[in-house]
Amino acid sequence: MSTYVAARQLLPSATIERLLTGVRASAAETRATVSPLDGAPLARIPQSTDADLDAAFAAARSAQPAWAALGPATRGRLLLAFHDLLLAHQAELADIIVAETGKARRDAVEEIFHVAMTARYHGVHAACVLRSERRPGLFPLLTRVDVHHHPKGVVAVISPWNYPLTMAFSDGLAALAAGNAVVAKPDAQTMLSALAGLELLRRAGVPADAWQVVAGPGSKLGPALIDRADHVCFTGSTATGRSVGERAGHNLIAASLELGGKNPMIVCADAELGAAVDGAVRGCFANAGQLCVSFERIYVARAVYADFRDSFVAATLALDLSVGLDWTPDVGTLASESQLKKVAAAADDARSRGATVLAGGRARPDLAPWSYEPTILEGVTEEMACFREETFGPVVALYPFDDEDAAVAAANDSAYGLNASVWSTDHRRARALAARLRVGTVNVNEAIGATFASLAAPMGGRGQSGLGRRQGPEGILRFTETQSVATQRGLGLGTPPGMAKEQFAAVMTRGLRLLRVVRR
Ligand code: NAD
């Protein structure tokens, strides 16, 4: 008999049934999901048909003008109500997230905090970001230019399973704040988390039709969503992101693409080693390494390499690897059998080609069906898959470096460009080094959270890590169409009556020279 935690018994049936009513699905077809806590069925998710997608978009389109007309301040108040509900219901939400993903409760609660902080940021700041503004016109005093930010309409949000609440909501909240409606397709495995968030969003006062949720396989629903949406916001793998971008390009709609990473951490010789080790543990093994911004490469100055390595290995071996709804686990299980296969293959490939396993390197089916130990490798070389490819799991390789130029070159030697971390007691030098890294975000003396939780700061990838930025004003404005309205007073732009064209050109030339001097 299995000794696994029986996930199905952790969530009341009535809760699951209630949450499932949030899916727009009219047919009888369902698809079973499985909990990583025990590998047993958790819920049967109703599947959306093409007709359901049509209905979801029709409802969203008809709700959107009224939602936009509420104005950013009123919308902001509703987002702040959502913030309060998330914090008030964090225990139930965390139970659902843990049951669906197998992650440690601490990781689940951090997700809830992140969504709450995102709701607060947009609730407080969107009105200011969206305010119409005056810009200089062609002729001083005579040409008035007003710039407006109109919502795009209906935004499709396609999200992955690894952070099922954060990824389902953080982009969509920005779209809502900008006056759009949303049709969301969460990952098939983690529908309950997204539906639990939806329930709170509706309770906060966001009209039901303004945020629709559909369910089904991404390969079928994804293209159908892109064909109906005014903007697609996708978070997931680089391979799928490329096909999403192609289809969006064909339809001439914008795509926000938050994709994979192979993120480097750099530990300089003058780093505070205790803090760097603590940061490495969190940065590599939070969410069992299934985090787009987590570190899979650590470059350490040779002078402190041995000290860092030994402390990092000791801290990693001390982590509690387990599963359950309580606060005991430091690291939970991987989320699926396919994740386990991918992670084990990366570690086995490195080991078989000569890498040294300093910690971990083993599946732990005694704890949960797809559990895998936090793993530290040394001696990883170019021909090993994990040198360049994203593992998306708890596997990190250590590399010594001799000078910081070499560390920067190694860190930048990647097709990805999502996140990085630099550790040094010389903050100015660390920031200068950060500026040389070809990534969207850099944390100095912190692993991940300093940028990820600074909601006013844009976040996103370069290269194969994606297109566009979430968070900050950039994260809101991407969901708007910018419109310029220029009002011309008095002097028209044609040749004044009675003036020869040549004379007009001479007057214009003098005017342009004058504008050049006053630097307008
Ligand atoms: P995935 O690309 O397989 O799936 C992501 C989502 O896309 C799911 O909802 C899926 O159903 C849907 N999908 C599948 N096929 C589709 C298609 N043809 N068209 C449209 N949608 C489709 O990714 P995954 O394996 O679930 O997630 C892990 C990946 O996501 C990793 O590479 C990770 O780095 C990345 N990720 C990136 C970020 C970020 O912010 N940059 C955040 C989390 C995860």
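The values are calculated or read from the model by the stated rules, or taken from the named source; none is laboratory data. This one's a predicted model, so the numbers in the text were calculated from it and none came from an experiment. Ideal geometry is used to build each Cβ from the backbone, glycine not excepted, and the neighbour counts take in all protein chains shown. Please note that ligands, DNA and RNA were not included when accessible areas were found on the heavy atoms of the full protein model with its side chains. Shrake-Rupley method; radii C 1.70, N 1.55, O 1.52, S 1.80 Å.
For region 325-334, does any single residue satisfy the condition of being over 25 Å from the mean Cα position of the chain (by Cα) and not in a loop (DSSP other than H, G, I, E, B)? No, every residue in region 325-334 fails to be over 25 Å from the mean Cα position of the chain (by Cα) and not in a loop (DSSP other than H, G, I, E, B). Of the helices (runs of 4 or more DSSP H) lying entirely inside region 396-453, those containing at least 1 residues that are of a type in the set (D, E, K, R), open to solvent by 50 Å² or more (accessible area, probe 1.4 Å) and assigned by TED's automatic domain parsing to the domain that holds Arg282 are 404-412, 427-435. Within region 438-464, residues that are farther than 22 Å from Asp278 by Cβ sit with their Cβ atoms under 6 Å from residues that are more than 15 Å from the ligand (Cβ to nearest atom), at 6+ positions apart or across chains, in these pairs: Arg438/Asn412; Leu455/Met117; Leu455/Tyr121; Arg462/Arg438.
Right, Ala63: modelled with pLDDT of 95 or more, in a loop (DSSP other than H, G, I, E, B) and in contact with a strand residue (DSSP E or B) (Cβ under 6 Å, 6 or more places away or on another chain) or not? The answer is no for Ala63. Residues in region 463-484 that are surrounded by fewer than 17 Cβ atoms within 10 Å (Cβ to Cβ) and of a type in the set (S, T, N, Q): Thr482, Gln483, Ser484.
Residue count for region 226-262, restricted to those that are more than 28 Å from Arg297 (Cα to Cα) and of a type in the set (D, E, K, R): 5.
Which one of these does Leu192 not meet: (1) within 13 Å of the ligand (Cβ to nearest atom); (2) closer than 21 Å to Ser336 by Cα? Going through the list (1) within 13 Å of the ligand (Cβ to nearest atom); (2) closer than 21 Å to Ser336 by Cα, Leu192 breaks only (1).
Pairs linking a residue in region 125-136 that is open to solvent by 60 Å² or more (accessible area, probe 1.4 Å) to a residue that is among the polar types (S, T, N, Q) and in a strand (DSSP E or B), with Cβ atoms under 8 Å and 6 or more positions apart or on different chains, are Arg135/Ser484.
Does Arg282 count as of a type in the set (Lys, Arg), outside the structural domain of Leu53 (by TED's automatic domain parsing), modelled with pLDDT of 95 or more and not in a helix (DSSP H, G or I)?
Against the criterion (of a type in the set (Lys, Arg), outside the structural domain of Leu53 (by TED's automatic domain parsing), modelled with pLDDT of 95 or more and not in a helix (DSSP H, G or I)), Arg282 does not qualify.
Restricting attention to region 171-183, does a residue exist that is in the same structural domain as Thr15 (by TED's automatic domain parsing) and within 10 Å of the ligand (Cβ to nearest atom)? For region 171-183, residues in the same structural domain as Thr15 (by TED's automatic domain parsing) and within 10 Å of the ligand (Cβ to nearest atom): present.
Just checking, does region 28-43 include any residue being part of a helix (DSSP H, G or I) and small (Gly, Ala, Ser)?
no
Do we find that Arg31 is out of contact with any helix residue (DSSP H, G or I) (no Cβ under 7 Å at 6 or more places or on another chain) and of a type in the set (Lys, Arg) in this structure? No; evaluated as a whole, the condition is false for this residue. When region 155-181 is limited to residues that are under 12 Å from Phe234 (Cβ atoms) and in contact with a helix residue (DSSP H, G or I) (Cβ under 7 Å, 6 or more places away or on another chain), the one that is surrounded by the fewest Cβ atoms within 10 Å (Cβ to Cβ) turns out to be Pro160. Among the numbered conditions (1) over 29 Å from Val408 (Cβ atoms); (2) out of contact with any His (no Cβ under 9 Å at 6 or more places or on another chain); (3) in a helix (DSSP H, G or I), the only one that Thr495 does not meet is (3).
All of (1) in contact (Cβ under 8 Å) with a residue 40 or more places away in the chain; (2) of a type in the set (Gly, Ala, Ser); (3) touching a Pro at 6+ places or on another chain (Cβ under 6 Å); (4) loosely packed, with under 13 Cβ neighbours inside 10 Å hold for Ala32 with one exception: (1). All told, Ala346 falls short of being touching a residue at least 40 places away in the same chain (Cβ under 8 Å), in a helix (DSSP H, G or I), within 16 Å of the ligand (Cβ to nearest atom) and on the phi > 0 side of the Ramachandran plot.
Say we look at region 238-263 and pick out the residues that are within 7 Å of the ligand (Cβ to nearest atom) and in contact (Cβ under 8 Å) with a residue 40 or more places away in the chain; which of these is nearest to Gln471 (Cα to Cα)? Of everything passing the filter in region 238-263, Glu258 is nearest to Gln471 (Cα to Cα).
Against the conditions (1) out of contact with any helix residue (DSSP H, G or I) (no Cβ under 7 Å at 6 or more places or on another chain); (2) over 24 Å from Ala457 (Cα atoms); (3) away from the ligand (no atom under 16 Å from the Cβ); (4) open to solvent by less than 10 Å² (accessible area, probe 1.4 Å), Thr143 satisfies every one except (4).
Being among the aromatic types (Phe, Trp, Tyr) and within 15 Å of the ligand (Cβ to nearest atom) is the filter here, so list the residues in region 428-480 that pass it.
Within region 428-480, Phe452 is the sole residue that qualifies.
If you scan region 182-235, which residues turn out to be open to solvent by 20 Å² or more (accessible area, probe 1.4 Å) and outside any helix (DSSP H, G or I)? Answer for region 182-235, where residues must be open to solvent by 20 Å² or more (accessible area, probe 1.4 Å) and outside any helix (DSSP H, G or I): Asp187, Gly205, Pro207, Pro217, Asp230. In the set (1) under 21 Å from Gly260 (Cβ atoms); (2) over 18 Å from the mean Cα position of the chain (by Cα), Met499 fails one condition alone, (1). Among the residues of region 224-237, those that are farther than 19 Å from Gly460 by Cβ and more than 10 Å from the ligand (Cβ to nearest atom) comprise Asp227, Arg228, Ala229, Asp230.
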